[in-house]
Amino acid sequence: MKSFAKVLGLVIFGVVLLAAGLLFFLTRMFDPNDYKEDIQQAAREKANIELTLGGDIGWSLFPWLGIELKDVGIAPVGAPDQSLAQVGNMGLGVEVLPLLRRQLRMSDVILDSVSLNLIKDEQGVGNWESIGPEREPADPQSPEGVDVAADEPEEAGRDFDVAIESVRITNARVRYEDESSGQLLQLEDVNLTTGALIEGQPFDVAFLGLLITEQPAMRVRIDLNTVAQFDFGLDRYQLEAVDLKVDASGEPFSGRALSMQLQGDGLLDLGAQIAELNQLRLSIADLRATGQIRASQLDTEMRLDGRLDVADFDARALLAALGQDVPETTRSGALESVSLGAVLSGSSTSLMLNELKLLVDGTPLAGSLGIADFERQALRFDLSGGSLNLDDYLPPAEEPATEAPAQAPAGGSRSDAAPEGWSDDEVLPLQRLASLDIDGKLALEELRLTGQTIKPFAAAIVARDGRIQVERLDGGVFGGRFSVTAEIDTNRTPVSLKVAQQLTGMDSLAVQQAYDMGEQMRGRLDLNLNVTASGNSVKRWMDTLNGSARFNVLEGALIGVNLEQQMCQAIALVNRKTLAEPRGSEDTPFSSLGGSFSIANGTVTSRDLVAAVPGMGVKGRGEIVLPEQRMDYRLGLLIEGDKSAMPDPACAVNERYVGVEWPIRCQGFLHNAASSCGVDTDGVKRIAGQLLGNEAQRKVEEKLEEKLGDQAPAVRDAIRGLFNR
């Protein structure tokens with residue numbers, strides 16, 4: 001038995017020695033360079049490529065089946081002069097014995113000085129699409145023409161146990177050009193290094209490269225380090241401890257350099273059709289963000305979910321770092337403190353921030369905000385918050401070139417000069433408005449705008465398909481409330497506008513003072529306004545204004561004119577007496593003032609103005625021509641006299657004046673409305689004639705009563721019938 005074992009051992013030793021000698025002979029006596037043309041022909045037939053082998057082929061047979069190539073070029077067979085890829089040096093080895101166990105054990109895969117030149121022509125066909133074996137036509141007898149045999153090698157390949165000791169790609173370059181769009185991308189100085197690639201085992205990955213684009217001109221340095229793991233059987237790929245650093249510069253950043261870092265753990269599970277990025281940590285300039293993102297339904301309509309939290313950052317500094325213009329604001333420190341937290345939801349075409357908690361310079365806002373469609377830039381928001389001073393974020397007011405004009409005098413201007421005509425310059429950016437896609441709501445406890453505090457404030461706007469609808473705009477200001485709805489329809493030519501406005505309990509004097517208007521009236525104002533207009537300039541709006549309005553002012557006064565004093569003086573003169581003291585103040589107080597207006601093509605007509613003034617009643621009618629900024633208004637004063645608790649005897653009204661409507665006419669420009677009012681002399685003449693006639697009739701009737709006694713009434717009625725009185 002021992003002899004048999006000894007003999008067997010000698011035989012095995014001899015076989016191994018013989019095999020080693022044979023392999024040595026093959027590697028020394030057999031030169032693969034003699035078969036370059038055969039290899040190139042096989043590449044044409046099997047892979048449809050033109051293969052160039054510029055250097056010698058180095059190889060080994062055992063225990064590693066290894067190969068080393070230099071100056072390798074690849075081009076499509078149809079265009080051999082258009083290089084698709086070039087490799088300066090390539091080396092790899094496969095362990096022979098594991099192949100018998102269906103195990104692929106590869107040594108280091110080394111590629112040096114790799115160059116890829118990818119071109120897509122104007123028809124959208126890439127120069128790489130012709131590479132590869134020509135597929136056999138699908139068998140029409142197979143279900144739906146599926147080429148079952150084509151899938152067999154892939155399925156069979158899954159039975160192989162693959163392991164690669166490492167991959168090293170150095171000095172690589174990739175160039176991609178799209179001739180239809182003119183886009184050119186280049187990836188240069190690429191270096192990729194991995195650890196042992198064994199299925200189910202983690203391995204290190206290090207990538208470094210420079211991305212260069214022409215439209216826009218930009219350079220991006222990419223540095224990636226991570227630990228990867230793959231499972232081909234489950235179609236599952238993991239990246240742990242991702243550390244991606246990006247340094248970018250170029251046109252989008254106004255020539256500045258921007259640094260960004262992304263860290264986290266990634267997962268791609270094609271079996272479950274999900275992708276995740278967990279433990280996300282992102283930094284861009286001064287911004288620091290954390291969170292996680294999950295994408296599902298990758299093969300159908302992708303869905304996004306996740307969470308994002310952004311620590312307090314300086315938005316102005318971030319804009320500067322991104323190379324964007326930093327807007328000038330009234331408050332220099334505006335936008336220097338911004339933070340947010342939100343739940344993410346969306347798809348491949350949308351992104352929404354739900355359960356949003358946004359803090360801007362100490363102002364809290366909560367709700368939802370996002371883009372419902374990236375292509376249409378469809379903005380959606382529903383926000384509520386505390387106190388916001390919007391004036392802080394508006395552009396600063398321009399410094400006046402000269403001294404500020406004096407404030408308009410009480411009662412309006414006294415100038416008789418014609419006012420400057422309405423501007424015909426375009427007001428609304430119609431092209432931008434037509435493209436808007438907005439559906440949003442905003443509610444604030446307090447909003448400060450144009451120096452005024454609106455408390456509370458609420459707004460709702462819908463803009464879509466060229467129609468902008470302000471569905472709600474209301475709040476409290478000037479001691480009252482306002483409510484506005486409006487619509488702009490850019491689809492019409494010319495563009496049309498509708499406005500409905502309601503004011504309740506508004507301090508009219510505060511409004512005039514706030515906007516440097518001549519103080520002509522004070523009191524609590526109620527107003528209902530419904531108007532339409534067309535065009536895109538103030539002039540066109542004044543020319544095409546149509547609609548109606550109704551107003552009422554309580555417990556107010558006409559400023560700069562004292563009708564009570566003037567009427568008492570007139571009555572005292574008629575009574576041939578002197579007023580004991582001035583009546584009232586410099587203004588004309590009233591307990592109520594109201595009326596309605598109809599508006600047609602810029603002409604405002606009123607026929608029912610009524611005012612209750614101490615000592616008199618006031619009625620009014622007339623029109624205001626907005627295009628010409630003129631007014632022609634007639635007031636009728638019904639004298640009641642001094643009805644105060646202690647009336648002035650000089651202001652006692654003769655009973656002959658009761659019921660007589662004394663005419664006042666206001667005729668002139670709108671800017672001098674208060675000073676344009678005066679006695680209507682033609683009307684006074686008619687009233688004077690009426691009063692004289694009344695006085696003559698009264699004297700005749702007195703004489704009749706003296707002469708005729710009991711028969712006087714019958715005669716008096718006959719005389720009145722004769723004169724139609």
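The values are calculated or read from the model by the stated rules, or taken from the named source; none is laboratory data. What you are looking at is a predicted structure, and each value in this text was computed from that prediction instead of being measured. Note: accessible area is taken over every heavy atom of the protein model, side chains too, but ligands, DNA and RNA are not part of it. Shrake-Rupley method; radii C 1.70, N 1.55, O 1.52, S 1.80 Å.
Accessible surface comparison of Thr194, Thr485, probe 1.4 Å, protein chains only, largest first: the order is Thr485, Thr194.
Within the stretch 220-274, the ratio Rg/Rh, alpha carbon atoms throughout and Rh by Kirkwood, equals 1.19. Note on Arg173: accessible area is roughly 80 Å² with a 1.4 Å probe, heavy atoms of protein only. For Phe232, the accessible surface of its heavy atoms amounts to roughly 90 Å² (probe 1.4 Å, protein chains only, rounded to the nearest 10). Surface analysis of the stretch 263-366 yields an accessible area of 51 Å² per residue, using protein heavy atoms and a 1.4 Å probe.
Within the accessible area of the stretch 174-221, what % is carbon and sulfur when the probe is 1.4 Å and the other protein chains stay in place? Intermediate results must be reported in sequence, preceding the final value.
Numbers: 1360 of 2450 Å².
Here it works out to 55 percent.
Extension gain, Glu37 to Ile110, is 23.9 nm, computed as 0.36 nm per intervening residue step minus the present C-alpha separation.
Across the stretch 199-346, Cα-Cα distances exceeding 28 Å account for 35% of all pairs.
I'm a student and want to see the number: the projected area of the Cα convex hull of the stretch 453-559, averaged over all directions, in nm².
Values: hull surface 30.0 nm².
Computed as one quarter of the Cα hull surface, the answer is 7.5 nm².
Students sometimes get this wrong: rank Leu527, Leu270 by accessible area, probe 1.4 Å, all chains present, largest first. Write down the numbers at each step before the final one.
Values: Leu527 35, Leu270 70 Å².
So, going from the largest accessible area down, we get Leu270, Leu527.
If you rank Ser348, Ser283 by how much accessible surface each has, with a 1.4 Å probe, what is the order from largest down?
Per-residue accessible area, sorted high to low, gives Ser348, Ser283.
The heavy atoms of Asp71 offer some 90 square angstrom of accessible surface to a 1.4 angstrom probe.
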